[in-house]
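Here the structure comes first, spelled out in structure tokens, and everything after it is commentary.
The values are calculated or read from the model by the stated rules, or taken from the named source; none is laboratory data. If you're wondering where the values come from, they're calculated on a predicted model, not measured in any experiment. Positions of Cβ are backbone-derived with ideal geometry, glycine not excepted, and every protein chain shown enters the neighbour counts. When the accessible area is computed, the model is the full protein with side chains, heavy atoms only, and any ligands, DNA or RNA have been set aside. Shrake-Rupley method; radii C 1.70, N 1.55, O 1.52, S 1.80 Å.
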Amino acid sequence: MATAQEIEDLISRVALGDRRAFSALYDNTSAKLFGVVLRVLNDRASAEDVVQDAYMKIWRHAGRYSANGMSPMTWMITIARNTAIDRIRKTRATVDLDGVAEHLTAPGPNPEQSAVAAGEAKRIATCLDQLEQDKGSAVRGAYLEGRSYADLAAAFNVPLNTMRTWLRRSLQTLQECMAK
Amino acid sequence: MSDRIDDIPPDDSILAAEYVLRLLDPVEEAAVAARLASDPALAAEVAAWTTRFAGLDAEVDTIAPRASVKAELEKRLFGLPDRKSFWQRAGLWQGISLASVAVAAFFAFQTLQVPQATAPAPLFVSDIAAEDQSLRLLAVYNSASGEVRLTRTTGSAASGRVLQLWAIAGEAAPVSLGVLPEDTTTAVVLPEALREGVADLVLAVSDEPPGGSPTGAPTGAVLAVGQVSAL
């Protein structure tokens, strides 16, 4: 597995239309992206298709990724995950990639804030485990499986609004936990 | 505990988390997306939550897709498998950037010492540089004279070796423009056949034995590459 710096270098070469760099980027990252997409879609054939769509977006939008403290893997996984979720919801890409790229390249956190953010990322698993079990599972299901409020409400057999309340409270608790 | 959703005050941070998790319905989602461009605070919240949740990415197993997935992807993106052009094989495409063209343009003005009595002819420049900047030449082509003036600003031939300059038009084989002298400046004449398409040329410098490539094609390492662009 390449380092974040190596991935970042590859992305900047891809932005210049370098196909060899794109090939290397794919070789270094596709197993992770495929894992993410497969987890959401749970179907190999559509996951193969979606992972291609995700890399096509990465090829086209590589120029928008610039080092801003956001990990390049996070940027790529976000694209893959959103592409997979768009697929299961059969919606048009409501979260347009431009929006994603926009906020990830918007005046980002400075390096100091990024270091804090990286620490927070490591803490999320711990903080989720401190939530009541169902609530922790619901948040994990939303992130890892791309479940909507409706999916989660059905899975946990509670009314939709109850699920919303649960999740919002959980997110608030999470935020407080991670800010500690 | 109440089930009413409004017992949590509206909060952009929680909204950002819902957006990142894709919990919002399409209308709400579009509304957040529309705000992102003009609301840096909300964008920062979205970025922060993206990073926080990224901590869960470690829980996803890596699973290599089948080899055919990559082949199909490249076909979708690039069409049929192509014969890689010379400079792509050289792997030095990354040495070409707009920034380096700007630098070349700057040097071009400095190296053009011939006073222009008449309207200046179109000029083209190329920053021929090694990836690690260990070798760098700036080329200026004057379309009136058909001459390429070269200034070597960094690096030189290895001991007992020479530097040879090549012009590459698209997929065509490299055409030798000659062995470069030891002097840091020189001029070579661009062959007639290459003049019309000069703006799409790539110039490259290879490492060759004394006297230049014995085969008419580069035999040694390609040390530096530069795209030509109009000034």
At B:ALA144 and A:ALA150, where each label point lies 7 Å from the Cα along Cα→Cβ, what is the point-to-point distance in nanometres?
7.1 nm
Take the Cβ-Cβ distance between B:ALA37 and A:LYS90 as r, set R0 to 25 Å, and report the resulting FRET efficiency rounded to the nearest 0.05.
0.45
Points 7 angstrom from Cα along the Cβ direction at A:ALA31 and B:ALA172: gap in nanometres?
4.5 nm
Once phi for every residue in the range B:183-189 is put through the Karplus expression 6.51 cos²θ - 1.76 cosθ + 1.60 (θ = phi - 60°), the whole-Hz ³J(HN,Hα) values, with Gly and Pro written as x, are 4, 7, 10, 7, 9, 10, 8
Computed accessible area, A:PHE156, all protein chains, 1.4 angstrom probe, square angstrom
50 Å²
Can you pull out the buried accessible area for chains B and A, both sides counted, probe 1.4 Å, rounded to the nearest 100 Å²?
6300 Å²
Rank these by accessible area, largest first, 1.4 Å probe: B:ASP12, A:ASP27.
A:ASP27, B:ASP12
Protein-only accessible surface order, largest first, of B:PHE78, A:PHE22 at 1.4 Å:
B:PHE78, A:PHE22
Can you compute 3J(HN,Hα) from phi for each residue in the range A:131-142, using the Karplus curve 6.51 cos²θ - 1.76 cosθ + 1.60 with θ = phi - 60°, rounded to whole Hz and x for Gly and Pro?
6, 4, 3, 4, 6, x, 5, 5, 5, 4, x, 5
Net charge of Cβ neighbours under 12 Å - reference B:SER229; Lys, Arg +1; Asp, Glu -1:
-2
DSSP-assigned coil residues among trypsin sites (Lys or Arg not before Pro) in the range A:1-90, each with at most 14 further Cβ atoms within 10 Å:
A:LYS90
A:TRP166, B:TRP166, ranked by accessible area, largest first (probe 1.4 Å):
A:TRP166, B:TRP166
Two-site FRET efficiency, A:GLN133 against A:SER23, from Cβ-Cβ distance with R₀ of 60 Å, rounded to 0.05:
0.85
So the FRET efficiency between B:ASP25 and B:SER134, C-beta based with R0 = 56 Å and rounded to 0.05, is 0.50
